[in-house]
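The values are calculated or read from the model by the stated rules, or taken from the named source; none is laboratory data. Owing to the predicted nature of the structure, the values given are computational and were not obtained by experimental measurement. Heads up, the Cβs are rebuilt from the backbone with ideal geometry, glycines too, and the neighbour counts pull from every protein chain shown.
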Amino acid sequence: MAALQQVSWRRTRRAAAGAVWKQKHLAMELSGLPNHPSKNAKLEQYATDGDIAARWLLGINVQDTFAEMEKGVVDLGAGNGILGIGALLLGAPRVTFVEVDAAAVDALEDALQAQDLSARARVLRCDVAEVADDPDCACDLVLMNPPWGQQRRSADRPFLQVSIALARTSVHLMHSAGAVHVEPWAQDHGWQADKWPGCIAKTCKDVQNLAGMSPNDSDFPKARGKIFADYAGSKSSFASIRFHLRQFTEPARALFLCFLGLYFSPRTDLREHHVGQTPM
């Protein structure tokens, strides 16, 4: 098994960043990365499956094209880097990886070197709260698969808070399919939130159909309903949630984030300021 893994790992070194990827090939590439080395229950560390990551990233790429991002991407709680590396392979000009676990950072840096992607990557070993005010972490899009709060109440809250402080246009996150607090939280903080079942990227065709539609289009409910019908039969355990700031001009957004920075701090118990349903 070890020998087969090594062969696969060497084969991935010349992957073409920014190439047109089929889901199968991207999934193979991401599955060949070193496994997440840590399983800390307190941090809710777990590996993201390569096939799921590929489906999700290809779906995101339809909505927010990685190759067109000027400020790049931030991967919060990056683990072994599977999401951010996938974004780089899909053409993101640069990705900042934020991960607190030393062993995970070592695996991530090894993966970047093996893929020849280090020149377009920045790896920060720190807690996510420490990058909220870092101007070098400002980005177009934040990717994350945060803790779902199974072990510690509101464990996802620092990730949510930092994501909207950094992202200029959108945030994409995986969360439990049963989570009900994320969308109200985003809306309370000035972001529009769209929640899709985990199977949204089962086929990119369905995503492309929706990406080209307005919610006011007559075919929109049917197209959206098809995805949720697929979801009902898939028993997916996670949902894909996208925050975006369509309603804000850039000056208004800057003013809002300035207020947000004054109102919250990394030391604040964010549960005290929650408006909406009780988080997981």
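Details
- Among the residues listed as G72, G84, G91, G77, the single one being in contact (Cβ under 8 Å) with a residue 60 or more places away in the chain and within 19 Å of M28 (Cβ to Cβ): G91
- Segments classed as helices (runs of 4 or more DSSP H), wholly inside the stretch 1-66, with at least 2 members that are at pLDDT 85 or above: 23-31, 50-63
- Among the residues making up the stretch 128-139, none is part of a strand (DSSP E or B) and surrounded by fewer than 21 Cβ atoms within 10 Å (Cβ to Cβ).
- Output for the stretch 98-122, where each listed residue is within 17 Å of V73 (Cα to Cα) and either small (G, A, S) or surrounded by 19 or more Cβ atoms within 10 Å (Cβ to Cβ) (or both): V98, E99, L108, L112, L117, S118, A119, A121
- Residue match in the stretch 148-156 (condition: in contact (Cβ under 8 Å) with a residue 60 or more places away in the chain, outside any helix (DSSP H, G or I) and under 27 Å from Q23 (Cα atoms)): yes
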